[in-house]
1. Residue check: is A:G264 within 14 Å of another protein chain (Cβ to nearest Cβ), more than 30 Å from B:Q85 (Cβ to Cβ) and over 12 Å from the mean Cα position of the chain (by Cα)?
2. Take region B:1-25 and flag every residue that is over 21 Å from B:D219 (Cα atoms) and in a strand (DSSP E or B).
3. Do you know which residues across region B:158-170 are at pLDDT 90 or above and touching a Phe, Trp or Tyr at 6+ places or on another chain (Cβ under 8 Å)?
4. Considering (1) in a loop (DSSP other than H, G, I, E, B); (2) in contact with a Lys or Arg (Cβ under 8 Å, 6 or more places away or on another chain); (3) within 7 Å of another protein chain (Cβ to nearest Cβ), say which one B:L101 fails and leave the rest.
5. Touching an Asp or Glu at 6+ places or on another chain (Cβ under 9 Å) and either of a type in the set (A, V, I, L, M, F, W, C) or more than 9 Å from chain B (Cβ to nearest Cβ) (or both): does that describe A:A231?
6. Could you tell me which of the residues B:A449, B:A497, B:A436 is part of a helix (DSSP H, G or I), at pLDDT 85 or above and of a type outside the set (K, R)?
7. Which members of region A:200-215 meet the condition of being at the interface with chain B (Cβ under 9 Å from one of its Cβ atoms) and in contact (Cβ under 8 Å) with a residue 40 or more places away in the chain?
8. Just one of A:T114, A:T51 is part of a helix (DSSP H, G or I), in contact with a strand residue (DSSP E or B) (Cβ under 8 Å, 6 or more places away or on another chain), surrounded by fewer than 23 Cβ atoms within 10 Å (Cβ to Cβ) and among the hydroxyl-bearing types (S, T, Y); which is it?
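The values are calculated or read from the model by the stated rules, or taken from the named source; none is laboratory data. Quantities reported herein were computed from a predicted structural model and do not represent experimental measurements. Cβ placement follows ideal geometry from the backbone for every residue including glycine, while neighbour counts extend to all protein chains displayed.
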Amino acid sequence: MSLPSHAMPHQRSVFERFPFIPALGILAVLLLLNGIAEPNSMSFGAITGLTKTYLALMFLAVAQSLVVFSSDIDLSVGAILSLVNVVVVVLIERLGGGADAVLLSCLVGVLVGTLAGVFNGFVVVGLRLQPIVATFATGIVFTGLALWVLPVAGMPVPQSFWRTYGGRICDIPFVFYVVAALGLLIWLTVRTKYIIQLMAVGDNRLAAYQSGLPVTRIRIKAFALCGMLSAVAALCIIGDTASGDPVVGNAMTLYSVAAVVLGGTALSGGSGSMLGSAIGALIIGLINSFVFFAGVSSEWQNFAQGVAVLVALMAGVLITRRISK
Amino acid sequence: MPRLRLEGVCKRYGATVALGRGDLSLMPGEVHVLMGSNGSGKSTLSKIIAGSVRPDEGVIECDGSIVTIPSPRAARDLGIAVFYQELSLAAHRSVVENICLPGLGHARGLFRNRAEMTAAAEPFIEPFESVLGEGFGLDVPVGRLRADQRQLVEIMKTLAARPDILIFDEPTSALDRAQVECFMAVLRKLKADGKSIIFISHRMDEIFEIGDRVTIIRDGETVRTSVLADTTMEEILRTMTGEEATGPAAPAVSAAVKTPQRPTVKLKVSNLVAPGVNNVSFEVAAGEILGFGGLHGQGQSAALRALFGAAQSRSGDIEVGTTRLTGNSPRASIRNGLAYVSGDRARDGVIEGRSILENTVPIYALKNHLFVASPRSLGAKAQQALEQLQTKYQTLFHPINSLSGGNQQKVVVSRWLMAPPEVMLLDDPTKGIDIASKAELFRVLRELAAAGMAILLYSSEDAELLENSDRVLVFNNGRTVRELVGDERTRYHLYHAAYEAA
């Protein structure tokens, strides 16, 4: 059975299929600017370093986008990251720091992050609180727990942990394997039935409910996955900083939201791209390094970063508009 | 044995009875038409079957066994699928994804298979192949489709659930004739396959074309079920409205019989087109109350909002008095002498949390370009306007929320009376107001009309509309289909016009 030929050419536009294209453009421009400001910043080593630093934000942004797809938001991702960070670091120490201890601790960390996400889902979906305020509050709770687990920053992790994260396998830096894994994860996730349901819920919650979708379960699942990926982000942070810090992730929360938006995902839900969010995280990373390489004096760096993020957001909007026309 | 049987099903919201007694028996292989006037409870009845409203009392039987339908999901598991009038589509998802959405969770496997989904959707698209129109495609996001195409997708989605019981709530309102033909063919096939169909439509010709039996709901109670072949449109309308075709007109309002020698036209609208409004033209004279009637959501409110400049877009000619209205914004409309009072006070009327005084003066302030004002001199003027409507309040400085709904609405109306407009647009103004306040409000509106104001009135209550309008324009699908004057202003004629094919 086939449809008349006149019906077939009308497909999704390129931009509808790949909403991250504007972000990709901005990323290219920023790479160019970085290269001009400091040619060395385009060296293999520098790129590896940049990836090492911003891998956690990439995971966090991808985590955030899942929740945003269903038209919710999670302002506790940073706090979950911090909590998992200290739980893993303390657990490794308590278990003696062997290879088994490291692996087990990482697994427990991912579990803790997932549970934190389920708790968020319960509070937002089950108790029907506004996600923006409810996750703000749960974020404070998670920070409180993190401070109870490890009151002050410190406590180094075994060498094996950060050596692996910063090291190479077959001459390719470990972090690039992680990036590839993240890419594979995204590739698989966008092909699940779940993501279609999730997007439908974000598009029109009532319509999804009337269509017989288990809206509550779908939304809680998004929060759980978000918590899980935030925990993976925490593992990246540990690899990068090699120690525990109960507030390390808290400033990253709104960066993750910014990365999601930079990546072409609408906060209103129902459409967007996880790959875009990962690119959005890299854009933020490149902005920060550009501001540094451009020789902005330290007291003006925050100002310049803020302006640059604004410019990137505006550029994204303009490109989107141009393409949609 | 009936496939679905409802007995004594009842739903109340607080003191309001949405459905007093719903009885229905749905046989296999029949198209069962549900008819009733506005607010009679037909949508409540279908929502109960759809699982989105839980009944307070009553028995639902499916294939002979008693069931409860706590959610749309449960309804789906019982083999019930619903076409929602307001559509249940995800705008960013593709046609295929929308059609397959309800079944997605039931199919096994973690990943979607695009080829499989397309194959699953195609049999339901195929019957409409010849009428899909320009721009339709399997992979096109539903939000990019035209209204009629979206409605077709909703139909396909309903069919794709392969249900035994289908509820269609106004499935053809946006479709053209050829598309309706296709749909009717699909319904006939479902009927032949022994499926049961509940059909709600405002097109009488369709009802007689496809329907087998009709159940009529009046004032929240199912009053009669009859075989359509043995009945006539007139008989149905009589049962529906409880009135005779040639019965007495609505109680004549004193002002309704007045015939001014040379009526001065206060508002002249030609070819008004706006979202939900399709080429509407009319005139209103000074001293006249023109009612907008018909089934709910046929463009009455949309036309009033468009006139006030609150619609996204608008074309057509609007003359207030002798001046032509330019600029599509409430501000421009207000400056040209229009006023708008909405039944949705929270959205369009009341300024939450502010004082009664602040809620009374904004229009006066706008029209007089007030920058600095003393509460005392303004208060005196506000008080006058409020007293005209016999508004009950403690002081002008109490917050608006301290008043009852009826008194809040009076404050909103008196806002306009401080600087009287030429034309007043009333968009279901008495929604949620007690009876005494309603009567009071209409007494004042009568006085205002007598003093030369022109008034446009839409009311969701038919009795209120018929009693208070000098003329009634009946809306159907965004167009005006008939004008009721004099003795024709009865519920019978109103529904006769509303159900006539546009």
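1. Values: within 14 Å of another protein chain (Cβ to nearest Cβ): yes; more than 30 Å from B:Q85 (Cβ to Cβ): yes; over 12 Å from the mean Cα position of the chain (by Cα): yes.
Taking the combined requirement at face value, the residue satisfies it.
2. Kept after step one, since they are over 21 Å from B:D219 (Cα atoms), are these residues of region B:1-25: B:1-4.
The one that is over 21 Å from B:D219 (Cα atoms) and in a strand (DSSP E or B): B:L4.
3. Result: B:T158, B:L159, B:A160, B:L166, B:I167, B:F168.
4. It fails just one condition, (1).
5. Working: touching an Asp or Glu at 6+ places or on another chain (Cβ under 9 Å): no; either of a type in the set (A, V, I, L, M, F, W, C) or more than 9 Å from chain B (Cβ to nearest Cβ) (or both): yes.
Judged against the criteria, A:A231 is not a match.
6. On the way: B:A497 fails: at pLDDT 85 or above; B:A436 fails: at pLDDT 85 or above.
The unique qualifying residue is B:A449.
7. Restricting attention to region A:200-215, the residues satisfying the condition of being at the interface with chain B (Cβ under 9 Å from one of its Cβ atoms) are A:200-204, A:206-214.
A:A200, A:V201, A:G202, A:D203, A:N204, listed by residue number.
8. Values: A:T114 fails: in contact with a strand residue (DSSP E or B) (Cβ under 8 Å, 6 or more places away or on another chain).
That would be A:T51, the only listed residue that is part of a helix (DSSP H, G or I), in contact with a strand residue (DSSP E or B) (Cβ under 8 Å, 6 or more places away or on another chain), surrounded by fewer than 23 Cβ atoms within 10 Å (Cβ to Cβ) and among the hydroxyl-bearing types (S, T, Y).
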